[in-house]
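Worksheet: the structure to be examined is printed underneath.
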Amino acid sequence: PERDEAWAQMDFMSLDNVDQKNQKVTLQVVLRTMWYDWRLAWNTTRQGGCIVPITHEDDWFAVTYPGAVLEDLWQPGLYAENMITETVLQSAVWLSPEGRVTWSRKAEWTLSCPMDFRWMPFDSQKIFARMYSWEYGHADLALSFGKPGEESSKAIKRDRCFPDNAEWAVVSRGSQQ
């Protein structure tokens, strides 16, 4: 059998806390996860069906649901390997006629993050969040970053409203497959 596919994108919203003693950071992110579920596909009125989509998202029509609908849907179950806690602040799900599911959630993440402050105040730290599936291994799920058909360099973005900070600066961001 073929592997299922999922795509992830992350918007980095804010770095809220750096706990040097316990080697952890708290940040806010918006994580978008996309996948296809053929069982959820439907015909729109343009295709001869009877369902009229009610919203418009990125040049495709979709029906919007609150995040709780995920309890009834298959999902890839993505998490960050070094996550200590996740608090979901807002969540929504979009279903497209092609069976594409897009789940967007704003969350506060606390991540375990090894840090070395020997060269403070000239130190540089790397915050990472390796994404995996709770339930599915590499043989069952292909995880990519970005959108289907888009290069992975656009997978992690920094919010333009991100406030500057006198103590630290985000110098780069990126993703690896």
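The values are calculated or read from the model by the stated rules, or taken from the named source; none is laboratory data. The structure presented is a predicted model; accordingly, all values stated were derived computationally and were not measured. Because the Cβ atoms are built from the backbone with ideal geometry, glycine has one as well, and the counts that use them run over all protein chains shown. Just so you know, the surface numbers come from the protein's heavy atoms only, side chains and all, with ligands and any DNA or RNA stripped out. Shrake-Rupley method; radii C 1.70, N 1.55, O 1.52, S 1.80 Å.
Quick look at the values:
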quantity	calculated
Residue check, Met120 out of contact with any Pro (no Cβ under 7 Å at 6 or more places or on another chain), more than 22 Å from Trp35 (Cα to Cα) and open to solvent by less than 40 Å² (accessible area, probe 1.4 Å)	no
Given (1) closer than 20 Å to Asp37 by Cβ; (2) within 13 Å of the chain's Cα centre (by Cα); (3) open to solvent by less than 20 Å² (accessible area, probe 1.4 Å), index of the condition Trp103 fails	(3)
Given (1) surrounded by 17 or more Cβ atoms within 10 Å (Cβ to Cβ); (2) under 18 Å from Glu5 (Cα atoms), number of the condition Ser91 does not satisfy	(2)
Qualifying positions in the range 70-83 - small (Gly, Ala, Ser) and crowded, with 17+ Cβ neighbours inside 10 Å	Ala80
Residues located in the range 129-138, provided they are open to solvent by less than 100 Å² (accessible area, probe 1.4 Å) and assigned to a loop (DSSP other than H, G, I, E, B)	Ala129, Tyr136, Gly137
Checklist (1) in a strand (DSSP E or B); (2) open to solvent by 50 Å² or more (accessible area, probe 1.4 Å); (3) in contact with a Gly (Cβ under 7 Å, 6 or more places away or on another chain) applied to Glu86, failing item	(3)
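Condition check ((1) small (Gly, Ala, Ser); (2) in a strand (DSSP E or B); (3) within 22 Å of Gly77 (Cβ to Cβ)) across all residues:
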position: Val101; (1), (2), (3): no, yes, yes
position: Pro114; (1), (2), (3): no, no, no
position: Ser124; (1), (2), (3): yes, no, no
position: Ile127; (1), (2), (3): no, no, no
